[in-house]
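Structure first, commentary second.
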Amino acid sequence: MVQCACGATTVGEWLPRHEKGRYELAVEKITRAVAKAEAEIDRPIRNRYLVWLQGESDGIYKTGTDNYKTRFMQLWTALKTDCGLEKCFMIRVAKFREGKYNDKPIIEAQEQLSQENDDIIIATRITGLLEYPTVNPENPTIQDGVTEGYPYVDHYTVAGYKLVGETTAAKIAEY
């Protein structure tokens, strides 16, 4: 597994040749990791997948359904070409706060991407069930308020990440 992550980013910031260089760094990390693994096992790596959890910032910046889809497909096409990725397991974006963020167009974009492309699979929709402790104390999977003096509003809790990870892993295991 190769981790290449950066919070609070839009899908456009991951495109090739963007000034922040996230795409190029991801390709470099994937290429190095694959070469190292193939050398160690003396055979090609099969089943190269992308697990994608991103979109909240696009909701905040009102990227919109069509723009998100266009930008994601540019990214996905480039990653398939440059890294040999075969499937994208998308963790559908969460709906955080009604009226505060514009997550619905991103959720729609991600659903449409999976319906329109055989190689893009919604790995989990569990993010739509995560709740704030002020809404449901029995299911505090999104943080609400301040944690250790740092404002951590609208982020997953450890329990939330665990739930998302387990449901995503189960879906990928089907493949």
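The values are calculated or read from the model by the stated rules, or taken from the named source; none is laboratory data. Predicted model only: the values in this text are computed from it and were never measured. Methodologically, a virtual Cβ is constructed for each residue, glycine included, from the backbone with ideal geometry; neighbour enumeration extends over all protein chains shown. Heavy atoms of the whole protein, side chains included, go into the accessibility calculation; ligands, DNA and RNA do not. Shrake-Rupley method; radii C 1.70, N 1.55, O 1.52, S 1.80 Å.
The table below lists the values:
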{"quantity": "Residues satisfying the stated conditions in segment 41-75, i.e. of a type in the set (Phe, Trp, Tyr) and under 18 Å from residue 171 (Cβ atoms)", "calculated": "49, 52"}
{"quantity": "Residue in segment 115-133 that is modelled with pLDDT of 95 or more, part of a helix (DSSP H, G or I) and closer than 23 Å to residue 23 by Cβ present", "calculated": "yes"}
{"quantity": "Residue ranges of helices (runs of 4 or more DSSP H) in segment 1-110 with at least 1 members β-branched (Val, Ile, Thr), free of Cβ contacts under 8 Å to residues at least 24 places away in the same chain and open to solvent by 60 Å² or more (accessible area, probe 1.4 Å)", "calculated": "22-41, 65-83"}
